[in-house]
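The values are calculated or read from the model by the stated rules, or taken from the named source; none is laboratory data. This one's a predicted model, so the numbers in the text were calculated from it and none came from an experiment. Quick reminder, even Gly has a Cβ in these numbers, built from the backbone with ideal geometry, and neighbours come from all protein chains shown.
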Amino acid sequence: MQSIISISGLSKTYASGFAALKAVDLDIRRGEIFALLGPNGAGKTTLISVVCGLVNASAGTVSVDGHDNVRDYRAARALIGLVPQELTTDAFETVWNTVSFSRGLFGKPPNPAYLEQLLKDLSLWNKKDAKLMMLSGGMKRRVLIAKALSHEPRILFLDEPTAGVDVELRRDMWQLVRRLRDSGVTVILTTHYIEEAEEMADRIGVITRGELILVEDKAALMRKLGGKQLTLQLAAPLAAVPPALARYGLVLGKDGQTLMYRYESEREGGGRGEAEGEATAIADLLQELAAAGIAFTDLHTTQRSLEDIFVSLVSERAPENGTTAAEGTR
């Protein structure tokens with residue numbers, strides 16, 4: 001699939017010496033939802049800010065639909081809508097005026113019908129004449145989204161868009177994101193709600209300590225790293241796993257009432273044959289349990305979530321002595 005954003009060798013080092021980004025290479029595909037995950041201080045907001053031209057890179061290049069975001073800044077920026085984390089709004093302006101003004105900043109001609117539909121999609125139409133200072137935090141967040149979409153961008157950045165907002169807004173927002181993606185808009189989001197990324201994203205990127213450590217199609221990532229676990233509820237407690245079953249790597253629960261067998265759902269390069277092999281292994285295990293006189297009353301399988309995978313990946317890269325104060329920046 002054709003890339004709409006191409007990032008090459010992107011680095012950002014601040015005057016303090018803190019390296020917020022370290023030689024990041026990334027291509028964002030046209031029309032996808034790309035979720036960028038990382039702990040606080042990982043570099044997510046810095047990366048977005050550089051792509052949007054709000055922060056100057058120390059090294060590297062960014063191309064937005066063929067436009068260099070430094071040499072051809074206006075053309076690149078016109079393609080982008082940005083919803084920042086902070087609720088920065090003109091408190092004394094009305095919703096309608098602030099959204100209309102944002103559209104005009106990009107040289108777009110007035111289009112009341114488009115703005116009306118946009119405000120209706122965000123449940124803001126009945127607030128169009130209200131001053132921003134009178135709105136709740138959730139409503140102000142909706143206004144930020146409306147401002148970002150006012151000039152009909154082809155790329156939308158959502159930086160922690162659902163942080164601190166209510167369930168209703170979160171649901172409305174993701175419905176809107178799906179509609180935007182279906183209309184061809186490319187959406188890049190950062191989020192602390194990893195279950196949202198698991199549900200929404202086409203691809204996942206993981207960044208930590210300024211380094212992009214993984215970029216993968218979500219489905220492939222879940223297959224390769226989303227290991228499964230078979231848990232057996234035993235009819236009678238065991239003191240230890242019989243030596244004859246050692247090859248399965250079984251884990252006995254602390255109470256002796258459960259046995260856990262961990263396996264991969266589909267290893268990289270695997271496929272149907274490997275899945276069938278796992279099924280055979282499980283069948284063999286159950287037969288050997290029966291032969292050993294170990295009965296069970298129930299069994300169920302669980303799979304690692306995207307959150308489990310994320311925590312594991314980030315933990316592997318965590319510094320031994322913890323996070324420094326400088327890394328507390330975004």
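Observations on the structure shown:
- Taking each residue of segment 246-257 that is at positive phi and looking for partners that are of a type outside the set (A, V, I, L, M) and modelled with pLDDT of 90 or more with beta-carbon atoms closer than 8 Å, six or more apart or interchain, yields G256/P237.
- Qualifying residues in segment 90-140 (those that are acidic (D, E) and part of a helix (DSSP H, G or I)) - the one modelled with the highest pLDDT: E116
- From the options V241, V206, residue that is farther than 24 Å from L79 by Cα, at pLDDT 90 or above and in contact with a strand residue (DSSP E or B) (Cβ under 6 Å, 6 or more places away or on another chain): V241
- In segment 143-192, the residues that are within 27 Å of Q2 (Cα to Cα) and in a loop (DSSP other than H, G, I, E, B): S150, H151, E152, P153, R154, E160, P161, S183, G184, V185, T191
- Evaluation of T46 against (1) in a helix (DSSP H, G or I); (2) farther than 19 Å from V206 by Cα; (3) not charged (D, E, K, R) (one fails), failing number: (2)
- Any hit, segment 91-99, residues being in contact with a strand residue (DSSP E or B) (Cβ under 8 Å, 6 or more places away or on another chain), in the same structural domain as R179 (by TED's automatic domain parsing), under 21 Å from L214 (Cα atoms) and without any contact (Cβ under 8 Å) to a residue 40 or more places away in the chain: no
- Residues located in segment 15-41, provided they are small (G, A, S) and under 14 Å from I204 (Cβ atoms): A35, G38
- Top-ranked residue of segment 31-54 - restricted to ones that are without any contact (Cβ under 8 Å) to a residue 60 or more places away in the chain and over 18 Å from R209 (Cα atoms), ranked as surrounded by the most Cβ atoms within 10 Å (Cβ to Cβ): G53
- Pairs are defined by a Cβ separation below 6 Å, a sequence spacing of at least 6 or placement on different chains, a first member in segment 10-30 that is touching a residue at least 12 places away in the same chain (Cβ under 8 Å) and assigned to a loop (DSSP other than H, G, I, E, B), and a second member that is β-branched (V, I, T) and buried (at least 17 other Cβ atoms within 10 Å of the Cβ); the pairs so defined are R30/I4; R30/T186.
- Residue check for L232: touching a strand residue (DSSP E or B) at 6+ places or on another chain (Cβ under 6 Å), surrounded by 19 or more Cβ atoms within 10 Å (Cβ to Cβ) and closer than 27 Å to M260 by Cβ: yes
- Test: residue in segment 155-166 that is in contact with a Phe, Trp or Tyr (Cβ under 7 Å, 6 or more places away or on another chain) and closer than 30 Å to A113 by Cα: yes
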